[in-house]
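This report concerns only the one structure given below.
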Amino acid sequence: MRSVRLETALTKFVEASAEALQTDIASGGEVPFELEPRTRRGGSTGTALYCYRALTGEFIAGRQPDLESLPSHADAAKRLGAFDGLDRYLAAAEVGQVAGRARVRAAIQVLLEDVFREQTDFELHPERLQAALARLESSTFAGTGELTLVATLHGLTIASPELQLTKGLTIAHCDALEGLPDAATASGGESSDHLIVVLAIEEDDAPDGPSRGRAVLADLLRALRLFGDGRVTLGALGWARIGSGAWNPMALGAGGRPHGMLLVAADQEDELRAFCNLVSRRAPHGDELAWALRRFELGCEREIPYEALTDHLLALRALLEPEGQASGLLPGRLAALCATQGHRAQMTERIVQAVALERDVVAGKAVEHAGGQALALEVADSLRALLRDVICGHLSADLAVVADEILLAPEQPSGEEMLSHAGEPEEILDLLL
């Protein structure tokens, strides 16, 4: 697949570079030459034949600082630095080991040499530019055994055309990449507005690629649901191919139906990258937190909020009510963790209502209405906030103990109480002490 954004940025830079280099030539600059011996046909002896070879790359390298000052250089360098196939592209060009910014600088030099190879001027030929860009982009999938997975992502939108989360894993708008399966970009029944997830799996891992790919996509979906508010889903069908072969459909399983839309702004992209990496590393296994996290995910896949309510309450009971449901401690503990002191009573009452709504749902007596759905979504949001804070390390996993400590702690004055004593510094001091 070819990145439209990368190709556009590089095209603008090459065009600007061609203009700058051609201006240099018009001002008296000259591309150096070297004499290159040629063997006579048939291996005959006699005077050797020589030809002149333009050292275009040497001329370009000598003007690299000027090219880096071009306005289009920054965007081209940024996108080239995030390009998955950059190391393989440099290796194919026999560039030695380089790191950091030197990798991008070397790649730009290679690309310009490829476009203008052995020219004595810098007239830009579109067919040569397209061929050079194609060779660059093909480095992403250079291995014949590498596996590429494509899936659709619903309930999420990103401000940028593409968002690379880690090496080999990218989220993009449908029109930001070329070479995708037609069915992945078509407007389907699940949503007419969706994103694409592309996952490239190295050749060494390709034999276990499908199972590993499903696991990576599951990790991504979990992180997105915790990052936002549980609305994001994957399409039930994905596509896979080996090397540059044909796309084959691959079942990913039911992902539920998205509710609303989670927007990731440009200034949130770094936060999302870090969060996805953290969730992948710290996701719990084999304990109450892992069980609650799975229940949260199951609830996210339910068709309607009422169907998810029991999943989310079960998860909260596992985390906050180890004594059992009969203890009735869940509402107060959840309010202690998720509400400010002045709003704990109100939230406690809301959770009591949610438990009553669950009983009506189980008994088949619940009537769907906006208030009940809003209540179910509040429970889901509270569970998501707790899971996120525990996984991020902001809260201890022993949430029941933390909640009891908050409830038993001496009451502190609220902001409203302090504001009501404005102009009475001695009474404010008494409250603080």
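Six or more apart or on different chains, Cβ atoms under 6 Å: show the pairs whose first residue is in the range 390-411 and within 15 Å of LEU316 (Cβ to Cβ) and whose second is open to solvent by less than 80 Å² (accessible area, probe 1.4 Å) and of a type in the set (S, T, N, Q).
VAL402/SER396
For (1) modelled with pLDDT under 90; (2) open to solvent by less than 10 Å² (accessible area, probe 1.4 Å), each residue gets a yes or a no:
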{"residue": "ALA132", "(1), (2)": "no, yes"}
{"residue": "ARG135", "(1), (2)": "yes, no"}
{"residue": "PHE141", "(1), (2)": "yes, no"}
{"residue": "THR148", "(1), (2)": "yes, yes"}
{"residue": "ALA151", "(1), (2)": "no, yes"}
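Confirm whether ALA223 is at pLDDT 90 or above, open to solvent by less than 20 Å² (accessible area, probe 1.4 Å), of a type in the set (A, V, I, L, M) and over 18 Å from the mean Cα position of the chain (by Cα). Step through it out loud before you land on a result.
Working: at pLDDT 90 or above: yes; open to solvent by less than 20 Å² (accessible area, probe 1.4 Å): yes; of a type in the set (A, V, I, L, M): yes; over 18 Å from the mean Cα position of the chain (by Cα): no.
It is false that ALA223 is at pLDDT 90 or above, open to solvent by less than 20 Å² (accessible area, probe 1.4 Å), of a type in the set (A, V, I, L, M) and over 18 Å from the mean Cα position of the chain (by Cα).
Those residues that are surrounded by fewer than 19 Cβ atoms within 10 Å (Cβ to Cβ) and basic (Lys, Arg), I need them from the range 208-220; list them, please.
Answer for the range 208-220, where residues must be surrounded by fewer than 19 Cβ atoms within 10 Å (Cβ to Cβ) and basic (Lys, Arg): just ARG212.
Could you list, in sequence order, the residues of the range 178-216 that are more than 16 Å from LYS167 (Cβ to Cβ), assigned to a strand (DSSP E or B) and either at pLDDT 85 or above or touching a His at 6+ places or on another chain (Cβ under 8 Å) (or both)?
The answer is LEU195, ILE196.
Pull up the range 273-325, narrow it to residues that are among the aromatic types (Phe, Trp, Tyr) and under 24 Å from LEU165 (Cα atoms), then point me to the one that is surrounded by the most Cβ atoms within 10 Å (Cβ to Cβ). Break it down stepwise before answering.
Step one: list which residues in the range 273-325 are among the aromatic types (Phe, Trp, Tyr), which gives 275, 291, 296, 306.
Okay, now just the ones that are also under 24 Å from LEU165 (Cα atoms), so 275, 296.
On the way: PHE275: 19, PHE296: 24.
Checked the range 273-325; the qualifying residue surrounded by the most Cβ atoms within 10 Å (Cβ to Cβ) is PHE296.
Can you run down the residue pairs with Cβ atoms below 9 Å, 6 or more apart or on separate chains, where the first is in the range 262-279 and under 19 Å from THR233 (Cα atoms) and in contact (Cβ under 8 Å) with a residue 24 or more places away in the chain and the partner is open to solvent by 70 Å² or more (accessible area, probe 1.4 Å) and in a helix (DSSP H, G or I)?
From residues that are under 19 Å from THR233 (Cα atoms) and in contact (Cβ under 8 Å) with a residue 24 or more places away in the chain, the pairs are VAL264/GLU271.
In the range 362-388, what count of residues is obtained for those that are without any contact (Cβ under 8 Å) to a residue 60 or more places away in the chain and surrounded by fewer than 17 Cβ atoms within 10 Å (Cβ to Cβ)?
Adding up the residues that qualify gives 10.
Give the residues of the range 243-266 that are open to solvent by 40 Å² or more (accessible area, probe 1.4 Å) and in contact with a helix residue (DSSP H, G or I) (Cβ under 7 Å, 6 or more places away or on another chain), sorted by residue number.
Within the range 243-266, SER244, LEU252 qualify.
Could you list all residues from the range 65-121 that are of a type outside the set (Lys, Arg), in a helix (DSSP H, G or I) and under 23 Å from the mean Cα position of the chain (by Cα)?
ALA74, ASP75, ALA76, ALA77, LEU80, GLY81, LEU86, ASP87, VAL104
Return the pair list, or none, for Cβ contacts closer than 8 Å from residues in the range 329-357 that are more than 16 Å from GLN373 (Cα to Cα) to residues that are open to solvent by 30 Å² or more (accessible area, probe 1.4 Å) and not in a helix (DSSP H, G or I), at least 6 apart or on different chains.
Once the first residue is more than 16 Å from GLN373 (Cα to Cα) and sits in the range 329-357, its partners that are open to solvent by 30 Å² or more (accessible area, probe 1.4 Å) and not in a helix (DSSP H, G or I) give LEU329/GLU323; LEU337/LEU395; THR340/SER414; GLN341/GLU411; GLN341/GLN412; GLN341/SER414; GLY342/SER414.
Against the definition (in contact with a Leu (Cβ under 6 Å, 6 or more places away or on another chain) and crowded, with 17+ Cβ neighbours inside 10 Å), how does ILE108 come out, yes or no?
No, not satisfied.
Looking only at residues that are more than 18 Å from the chain's Cα centre (by Cα) and in a helix (DSSP H, G or I) in the range 252-289, which one is farthest from LEU224 (Cα to Cα)?
Here the residue is GLU288.
Looking at (1) open to solvent by 20 Å² or more (accessible area, probe 1.4 Å); (2) small (Gly, Ala, Ser); (3) modelled with pLDDT under 90, find the lone condition where ALA356 falls short.
Only one criterion in (1) open to solvent by 20 Å² or more (accessible area, probe 1.4 Å); (2) small (Gly, Ala, Ser); (3) modelled with pLDDT under 90 is unmet by ALA356, namely (3).
Table: residues versus (1) in a helix (DSSP H, G or I); (2) touching a Cys at 6+ places or on another chain (Cβ under 8 Å); (3) closer than 30 Å to ARG273 by Cβ.
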{"residue": "TYR306", "(1), (2), (3)": "yes, no, no"}
{"residue": "LEU316", "(1), (2), (3)": "yes, no, yes"}
{"residue": "ALA354", "(1), (2), (3)": "yes, no, no"}
{"residue": "GLY393", "(1), (2), (3)": "no, no, yes"}
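The values are calculated or read from the model by the stated rules, or taken from the named source; none is laboratory data. Please read these numbers as outputs of a predicted model, since none were measured by experiment. Positions of Cβ are backbone-derived with ideal geometry, glycine not excepted, and every protein chain shown enters the neighbour counts. To get the accessible areas, we keep the full protein, side chains included, count just its heavy atoms, and leave off ligands, DNA and RNA. Shrake-Rupley method; radii C 1.70, N 1.55, O 1.52, S 1.80 Å.
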